[in-house]
Amino acid sequence: MGNGHDIDPQDELDARAPSKSARKREMHALQRLGESLVALSDKQLRSLPIEDERLLVALEECQRIRSNSARKRHMQLIGKLMRDIDAAPIEKAMNELHQSHSDETLAFQSLETLRADILAAGQGGVELAVQRFPAADRQHVRQLVLQHQRETTANKPPAASRKLFRYLRELQAGQS
């Protein structure tokens, strides 16, 4: 018995099992994923590959709960349900969803910058619009720039600026 070659099968299983700390980190990661899922809209939630109907129902119920203590208990239920599923496809879909949102935000900011540059350049701004969007209607952009200048001079609301942004967004959508 004391020769060091006797290996207890239970010790071998314990060596392959994740540590208590690793299991705890995994549970916390699932809890955070669950919180991220609860924060999504119904449309976004339904677009994710969640096959467990109990989890979907629990997520939707949690979105309606306003009491902090009840919400906390419900989040624990969601965490428990998430232990029974493969979370990798859901995490991947969440990352893609966030990336898509980031791309949309960047595109929006890019259009805002272009609009500001066009309006700041005055009549020369028409060329900026045509460089970015060759299909742009020069006359329409020129009219919006002139209208913006009149509105600015008269201290009126920036209707032309908004119209120009909508037009640029249409042009961008036409390129996609």
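Results, tabulated for the structure shown:
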{"item": "In degrees, nearest ten, helix 159-175 long axis to first principal axis of the chain (Cα)", "result": "60 degrees"}
{"item": "Among Gln143, Gln31, Gln99, residue whose mean-square fluctuation peaks in a GNM of the chain (springs only between Cα atoms under 10 Å)", "result": "Gln143"}
{"item": "Cβ-based net charge around His74, under 13 Å, with every Lys or Arg adding one and every Asp or Glu removing one", "result": "+4"}
{"item": "Computed over the chain: relative contact order in percent, which uses C-alpha pairs under 8 Å that are six or more apart", "result": "15 percent"}
{"item": "Bins of 5 Å from zero: percent of alpha-carbon pairs in the chain", "result": "1, 7, 12, 12, 8, 7, 6, 8, 9, 8, 8, 5, 2, 2, 1, 1, 1, 1, 0, 0"}
{"item": "√(5λ) per eigenvalue of the Cα gyration tensor, segment 104-146, largest first, Å", "result": "18, 12, 8"}
{"item": "Charge context of Lys92, other residues only, Cβ under 15 angstrom, K/R +1, D/E -1", "result": "-4"}
{"item": "q = 0.14, 0.25 Å⁻¹: log10 I(q)/I(0) that the Debye formula gives for segment 101-175, counting C-alpha atoms only", "result": "-0.41, -1.16"}
{"item": "Whole-Å distance, taken between Cα centres, linking segment 17-51 and segment 93-124", "result": "30 Å"}
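Throughout, read-outs are computed from the coordinates displayed, never taken from laboratory work. This is a predicted model, so every value here is computed, not measured. Neighbour counts run over all protein chains shown; Cβ positions are idealised from the backbone, glycine included.
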